[in-house]
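Here's the structure, in structure tokens; my notes come after.
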Amino acid sequence: MTAKSDDLLRRIAGAAIVPTLIIASTQTAADDAALREKAKSAGLEPVPYGLAEVNDNPVTREKIELGKMLFFDPRLSKSGVISCNTCHNLGTGGDDNLPTSVGHGWQQGPRNSPTVLNAVFNAAQFWDGRAEDLKAQAKGPIQAGVEMANEPDQVVETLTSMPDYVERFGRAFPGEHDPVSFDNMAKAIEAFEVTLVTPNAPFDQFLEGNDGALTDVQKEGLALFIDKGCTACHSGVNLGGQEYFPFGLIKRPGADILPPEDKGRYRVTKTASDEYVFRAAPLRNIAITAPYFHSGEVWDLEQAVAVMGTAQLGAKLTDDEVASIAEFLRTLTGEQPQVTYPQLPVETGETPKPKL
């Protein structure tokens, strides 16, 4: 066979491959579009850009800056050691990466610390939903004896002892007769936390039309996440955080994962049907917020997926299915907020002394 014949055969073969590649590419694009619509129909939404609105608290630049200072200020605690950032560390996914948080006097709290990132999209705060919004949540740990162990009057006394805080509260809450208050402290912290969102995760990019944002394995995991029924509890912007469900809907986990003494939402409602009911955990940034569940007893994401399959879906997921779903969940890690540590007001002789 001559060189000319070889060249002709190569051209013929190449011409046959091109339509095949076009057909395959078209089919892949169609499959991606169908999966995208399936995800949207299941209630999955991207993290929006811009500041979310909150009830009874217009968000302003002055409030945000004041709230950032308060979020990082350990002097809101009785010991002068613990700040909001201690348990919701913005450098580690908005939580403390501990099974349960360590508070005043080295006491260990009863539940795992939820991430503060994207918390503005939750219907309520805490695992049992006892706080209706972020400003109500901000008040809780400050007063909890096992956490910051302080009292509202002591907090106000601390803040009013520092002229810089007094000035900043006046700017953040103009026209108020007495702007330095416990309520306004909580509102300022809420305003700052509104900014702690993580948009542009690979999954968000896929929802917005970028087919290449997810790998084939991650797309398979997304399809399984929907088909297996995970979206019945984990939907919306935060893929969770909206409704309450029994932990162990089908099969109750062991006491190591579901401590029998913690009856969840029952502590709030005192309704028997709310025993061991918890708010569905938001799954945004789940890959960087281990350990998992309210008990914080599971450190491995694949193990957490397998536990949920058995406990909530009554499904024995295969190892490949668990791995694929976990890979999808890793696409929920968004752009982390870039926060400059604030310079805090200087104490005066009137500032209450820490009490360890």
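Here is how the numbers come out for the structure above:
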read-out: Filtered residues of the range 173-193 (kept if open to solvent by 30 Å² or more (accessible area, probe 1.4 Å) and outside any loop (DSSP other than H, G, I, E, B)); value: Asp183, Lys187
read-out: Every pair of residues 6+ apart whose Cβ atoms lie under 8 Å, when the first sits in the range 102-120 and is within 21 Å of Leu258 (Cα to Cα) while the second is of a type in the set (A, V, I, L, M) and surrounded by 19 or more Cβ atoms within 10 Å (Cβ to Cβ); value: Pro114/Ala281
read-out: Identity of the residue in the range 199-215, assigned to a helix (DSSP H, G or I) and among the aliphatic types (A, V, I, L, M), that ends up most open to solvent (accessible area, probe 1.4 Å); value: Ala213
read-out: Identity of the residue in the range 225-248, open to solvent by less than 30 Å² (accessible area, probe 1.4 Å) and of a type in the set (A, V, I, L, M), that ends up farthest from Arg130 (Cα to Cα); value: Ile226
read-out: Count of residues meeting criterion [over 17 Å from Leu356 (Cα atoms) and either part of a loop (DSSP other than H, G, I, E, B) or at pLDDT below 95 (or both)] in the range 68-84; value: 0
read-out: Hey, Asp128 more than 23 Å from Ser79 (Cα to Cα), open to solvent by less than 50 Å² (accessible area, probe 1.4 Å) and not in a helix (DSSP H, G or I) or not; value: yes
read-out: Residue match in the range 135-145 (condition: more than 25 Å from Glu167 (Cα to Cα), small (Gly, Ala, Ser) and in contact with a strand residue (DSSP E or B) (Cβ under 9 Å, 6 or more places away or on another chain)); value: yes
read-out: Tabulated pairs, the range 311-330, first in a loop (DSSP other than H, G, I, E, B), second open to solvent by 30 Å² or more (accessible area, probe 1.4 Å) and basic (Lys, Arg), C-beta under 8 angstrom, 6+ apart or interchain; value: Gly314/Lys251; Ala315/Lys228; Leu317/Lys228
read-out: Selected residue (criterion: nearest to Gln343 (Cα to Cα)) from residues of the range 48-106 that are among the basic types (Lys, Arg) and open to solvent by 30 Å² or more (accessible area, probe 1.4 Å); value: Lys68
read-out: Output for the range 163-184, where each listed residue is touching a residue at least 12 places away in the same chain (Cβ under 8 Å) and over 33 Å from the mean Cα position of the chain (by Cα); value: Pro163
read-out: From the options Pro342, Pro354, Pro259, residue that is open to solvent by 10 Å² or more (accessible area, probe 1.4 Å), closer than 23 Å to Arg111 by Cβ and not in a helix (DSSP H, G or I); value: Pro259
read-out: Residue check for Glu335: part of a loop (DSSP other than H, G, I, E, B) and closer than 30 Å to Gln218 by Cα; value: yes
read-out: Selected residue (only one of Ala149, Ala136 is within 30 Å of Ala280 (Cα to Cα) and surrounded by fewer than 16 Cβ atoms within 10 Å (Cβ to Cβ)); value: Ala136
read-out: Cross-chain or 6+ apart pairs with Cβ under 7 Å, the range 241-263 first and on the phi < 0 side of the Ramachandran plot, then open to solvent by 70 Å² or more (accessible area, probe 1.4 Å) and among the acidic types (Asp, Glu); value: Asp256/Glu297; Ile257/Glu297
read-out: Looking only at the range 263-286, and only at residues there that are within 11 Å of Trp127 (Cα to Cα) and of a type in the set (Gly, Ala, Ser), the one that is surrounded by the most Cβ atoms within 10 Å (Cβ to Cβ); value: Ala281
read-out: Residue under evaluation Leu196, criteria (1) open to solvent by less than 10 Å² (accessible area, probe 1.4 Å); (2) in contact with a Phe, Trp or Tyr (Cβ under 7 Å, 6 or more places away or on another chain); (3) part of a loop (DSSP other than H, G, I, E, B), criterion not met; value: (2)
read-out: Residues of the range 208-234 satisfying the condition of being free of Cβ contacts under 8 Å to residues at least 12 places away in the same chain and not polar (S, T, N, Q); value: Gly212, Asp216, Asp227, Ala232
read-out: Matching option when the condition is under 19 Å from the mean Cα position of the chain (by Cα) and surrounded by fewer than 18 Cβ atoms within 10 Å (Cβ to Cβ), among Glu302, Glu347; value: Glu302
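The values are calculated or read from the model by the stated rules, or taken from the named source; none is laboratory data. Source: prediction; values computed, not measured. With ideal geometry, Cβ positions are generated from the backbone for all residues, glycine too; neighbour counts draw on all protein chains shown. Remember, those area values only see protein heavy atoms, side chains included, never the ligands or the DNA or RNA. Shrake-Rupley method; radii C 1.70, N 1.55, O 1.52, S 1.80 Å.
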